[in-house]
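Colleague: I have a structure here, written as structure tokens, and I will follow up with some questions on it.
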Amino acid sequence: MTAVSLGMPGFPSGGPLRGLPRGTGNISAVEPFPQAAHRELGDAQLRANLGRATHTIRDKRLKVVSELPDWEALRDAGSAIKTEAMARLPELLTQFEEQFAARGGTVHWARDAAEANAIVEGLIRETGEKEVVKVKSMATQEIGLNEHLEERGIAAFETDLAELIVQLGHDRPSHILVPAIHKNRTEIRDIFLREMPDVDPTLTDEPRRLAMAARAHLRKKFLSAKVAISGANFGIAETGTLGVVESEGNGRMCLTLPETLITVMGIEKVLPRAQDLEVFMQLLPRSSTGERMNPYTSMWTGVTPGDGPQNVHVILLDNGRTRALADRHGRSALHCIRCSACMNVCPVYERTGGHAYGSTYPGPIGAILSPLLTGVEAEENASLPYASSLCGACFDACPVKINIPEILVHLRGEDVSGGTAGRRRRGFPSQLDVALGAASWALSSGDRLGLLEKGLPIARALAGRDEKISRLPGLGAGWTQSRDVPAPPSESFRSWWKKREKEAR
């Protein structure tokens with residue numbers, strides 16, 4: 001890995017990773033993925049909810065993507081723009097800061113979740129307010145802002161419908177785009193009846209009625225809030241502009257009505273030019289909600305006297321992004337535009353849901369992004385790179401062509417060589433260590449492989465009359481618990497070829 005300096009004020013420097021902050025907050029699993037996934041797989045209702053929702057979004061996406069003859073060219077353009085942005089990140093962040101400040105905004109830098117939370121809390125306390133409204137934001141979920149504020153007597157109200165459902169249900173988001181994807185309409189109605197004051201006791205699970213109940217619940221908050229907190233889909237270095245893309249209009253209310261607006265933006269969200277939005281405003285809606293155009297796109301550049309919030313701040317959040325950027329194999333994970341397309345096609349996510357990943361970022365992108373932010377050597381995230389079948393569907397769906405399977409393999413290698421698996425290997429070798437060592441010995445020499453192939457008839461004897469091996473000992477038992485192994489051939493290809501050549505002569 002190579003250190004990448006972003007020129008952040010007071011940022012320490014040193015060896016390859018020395019001084020590069022590790023990500024903290026809600027990006028660390030609390031238990032290994034296999035253990036969490038096993039538990040979630042036992043929830044039949046969860047699997048049914050996920051199956052319906054992901055298939056619906058997937059089908060909508062395929063329909064609108066097929067309308068564009070230049071879709072692949074757009075993906076190439078999006079990938080190229082993000083590659084440029086990561087290559088020029090220090091320069092672009094400095095330019096963004098200058099432009100944002102020149103237009104009346106204030107820029108803050110945060111190395112990790114603790115610094116970001118402290119900055120937000122301090123800005124709220126300066127206003128004297130005890131309540132804030134929030135636009136849906138992955139960055140604030142990542143740093144655990146709501147929990148931080150609640151512990152200090154400040155109430156943060158989510159205004160996105162799905163985030164509201166999760167918050168009222170004392171739950172955690174399960175999806176990047178649709179946080180309450182694991183809940184069905186009946187479960188949502190029950191949450192509203194239990195948690196919303198003054199809700200109509202005859203409320204049904206009809207979507208329109210649920211939306212109206214949420215609207216009535218939030219209206220007073222929109223009109224009375226003096227402080228709003230948002231994330232940002234994009235930050236334009238050229239002009240110092242921030243942008244939020246959403247579908248419900250709640251974001252527009254939060255971004256225009258309060259007197260103070262605080263935005264938390266990951267440093268990887270910066271784009272070089274306003275013109276770059278031409279590409280991403282085609283890629284993002286189609287890949288996320290399956291819409292040709294999202295209903296609400298809000299952009300603001302600093303402060304406009306007499307119009308909108310007059311006290312405007314942005315917190316540029318690192319929280320492990322510099323560490324991810326320093327990994328030349330994994331840095332393209334920072335290209336992610338949070339569309340969730342990879343999750344909607346992932347066979348693993350569809351069956352386990354987002355909670356099994358233990359991080360704000362679930363699914364295929366979370367399986368690479370979380371370990372990159374914390375370091376794969378962090379034991380709590382070491383199992384995430386293995387939470388994949390490597391089928392490649394995520395790569396095919398990604399609008400900016402992040403090669404997620406390739407990064408997963410890279411992170412698995414990092415784990416084996418120096419992560420938790422590496423530390424385990426320094427003790428007594430496991431069955432897997434022995435098996436992999438034997439395979440390495442055999443496959444590194446044709447003569448050795450030929451010697452082992454002479455044992456094929458013996459291995460074939462383990463199969464039954466159906467020519468299947470249904471039970472293996474030791475490490476192989478985990479495989480045969482859920483599948484049969486076809487009996488090996490009676491002779492190897494090499495042996496057959498030699499006989500053929502001999503007969504031909």
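Colleague: Among the residues of segment 327-349, is any open to solvent by less than 10 Å² (accessible area, probe 1.4 Å), hydrophobic (A, V, I, L, M, F, W, C) and more than 20 Å from Met138 (Cβ to Cβ)?
Modeller: No, because not a single residue in segment 327-349 is open to solvent by less than 10 Å² (accessible area, probe 1.4 Å), hydrophobic (A, V, I, L, M, F, W, C) and more than 20 Å from Met138 (Cβ to Cβ).
Colleague: Name the residues in segment 210-235 that are surrounded by 16 or more Cβ atoms within 10 Å (Cβ to Cβ) and farther than 30 Å from Thr127 by Cβ, would you?
Modeller: Leu210
Colleague: Please verify whether Pro258 is more than 20 Å from Arg338 (Cβ to Cβ) and open to solvent by less than 10 Å² (accessible area, probe 1.4 Å), treating the condition exactly as stated.
Modeller: yes
Colleague: List pairs: first in segment 390-404 and touching a residue at least 12 places away in the same chain (Cβ under 8 Å), second among the charged types (D, E, K, R) and open to solvent by less than 30 Å² (accessible area, probe 1.4 Å), Cβ under 6 Å, 6+ apart or cross-chain?
Modeller: Listed by first residue and then by second, the contacts come to Pro399/Arg75; Val400/Lys82; Lys401/Arg75.
Colleague: For segment 456-471, which positions are in contact (Cβ under 8 Å) with a residue 12 or more places away in the chain and more than 10 Å from Pro486 (Cα to Cα)?
Modeller: Leu456, Pro457, Ala459, Leu462, listed by residue number.
Colleague: Yes or no: segment 403-413 includes at least one residue that is at pLDDT 90 or above, surrounded by 14 or more Cβ atoms within 10 Å (Cβ to Cβ) and in a loop (DSSP other than H, G, I, E, B).
Modeller: yes
Colleague: Also, quick follow-up: List the number of the failed condition for Ala73; all other conditions in (1) open to solvent by less than 30 Å² (accessible area, probe 1.4 Å); (2) among the small types (Gly, Ala, Ser); (3) out of contact with any helix residue (DSSP H, G or I) (no Cβ under 7 Å at 6 or more places or on another chain); (4) without any contact (Cβ under 8 Å) to a residue 40 or more places away in the chain hold.
Modeller: (1)
Colleague: Moving to a separate point now. So which helices (runs of 4 or more DSSP H) stay within segment 78-190 end to end and still have 1 or more residues that are among the basic types (Lys, Arg) and open to solvent by less than 60 Å² (accessible area, probe 1.4 Å)?
Modeller: Here the list is empty.
Colleague: Determine if segment 351-360 includes at least one residue that is β-branched (Val, Ile, Thr), open to solvent by less than 10 Å² (accessible area, probe 1.4 Å), touching a residue at least 24 places away in the same chain (Cβ under 8 Å) and under 18 Å from Ile143 (Cβ atoms).
Modeller: no
Colleague: Shifting gears a bit: Quick check, is Ala438 at pLDDT 80 or above, under 37 Å from the mean Cα position of the chain (by Cα) and either open to solvent by less than 100 Å² (accessible area, probe 1.4 Å) or on the phi > 0 side of the Ramachandran plot (or both)?
Modeller: Spelling it out, Ala438 is indeed at pLDDT 80 or above, under 37 Å from the mean Cα position of the chain (by Cα) and either open to solvent by less than 100 Å² (accessible area, probe 1.4 Å) or on the phi > 0 side of the Ramachandran plot (or both).
Residues are listed down the side, and each one gets a yes or a no for (1) open to solvent by 10 Å² or more (accessible area, probe 1.4 Å); (2) in contact with a Pro (Cβ under 7 Å, 6 or more places away or on another chain); (3) of a type in the set (D, E, K, R):
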{"position": "Ala237", "(1), (2), (3)": "no, yes, no"}
{"position": "Thr241", "(1), (2), (3)": "yes, no, no"}
{"position": "Ile262", "(1), (2), (3)": "no, no, no"}
{"position": "Leu277", "(1), (2), (3)": "yes, no, no"}
{"position": "Thr301", "(1), (2), (3)": "yes, no, no"}
{"position": "Ala324", "(1), (2), (3)": "no, no, no"}
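Colleague: Within segment 361-379, track down each residue that is open to solvent by 20 Å² or more (accessible area, probe 1.4 Å) and either in a helix (DSSP H, G or I) or in contact with a Ser or Thr (Cβ under 6 Å, 6 or more places away or on another chain) (or both).
Modeller: Passing the criteria: only Glu379.
Colleague: Go through (1) closer than 24 Å to Ile27 by Cα; (2) among the acidic types (Asp, Glu); (3) open to solvent by 10 Å² or more (accessible area, probe 1.4 Å) and name the single condition Asp307 misses.
Modeller: (1)
Colleague: Ok, one more. Select from segment 286-299 the residues that are out of contact with any Gly (no Cβ under 8 Å at 6 or more places or on another chain) and at pLDDT 95 or above and write down the one among them that is most open to solvent (accessible area, probe 1.4 Å).
Modeller: If we take residues in segment 286-299 being out of contact with any Gly (no Cβ under 8 Å at 6 or more places or on another chain) and at pLDDT 95 or above, then Arg286 is most open to solvent (accessible area, probe 1.4 Å).
Colleague: Between a residue in segment 32-58 that is exposed (fewer than 15 other Cβ atoms within 10 Å of the Cβ) and any residue that is among the hydroxyl-bearing types (Ser, Thr, Tyr) and not in a helix (DSSP H, G or I), which pairs come within a Cβ distance under 8 Å, given they are 6 or more apart or on different chains?
Modeller: Close Cβ pairs (under 8 Å, with a partner that is among the hydroxyl-bearing types (Ser, Thr, Tyr) and not in a helix (DSSP H, G or I)) amount to Pro34/Ser383.
Colleague: Out of Ser230, Ser247, which single residue is among the polar types (S, T, N, Q) and modelled with pLDDT of 95 or more?
Modeller: Answer to the check: Ser230.
Colleague: Continuing with the same structure: So which strands (runs of 3 or more DSSP E) are wholly in segment 247-349 and hold at least 2 residues that are among the hydroxyl-bearing types (Ser, Thr, Tyr)?
Modeller: 260-266, 296-300
Colleague: Please go through segment 191-200 and pick out each residue that is crowded, with 16+ Cβ neighbours inside 10 Å and modelled with pLDDT of 95 or more.
Modeller: Correct list: Ile191, Phe192.
The values are calculated or read from the model by the stated rules, or taken from the named source; none is laboratory data. Here the structure is a predicted model, which is why all the values come from computation and not from measurement. When we count neighbours, we look across all protein chains shown, and the Cβ atoms used for this are built from the backbone with ideal geometry, even at glycine. Calculation scope for accessible area: heavy atoms of the full protein, side chains included, ligands and nucleic acids excluded. Shrake-Rupley method; radii C 1.70, N 1.55, O 1.52, S 1.80 Å.
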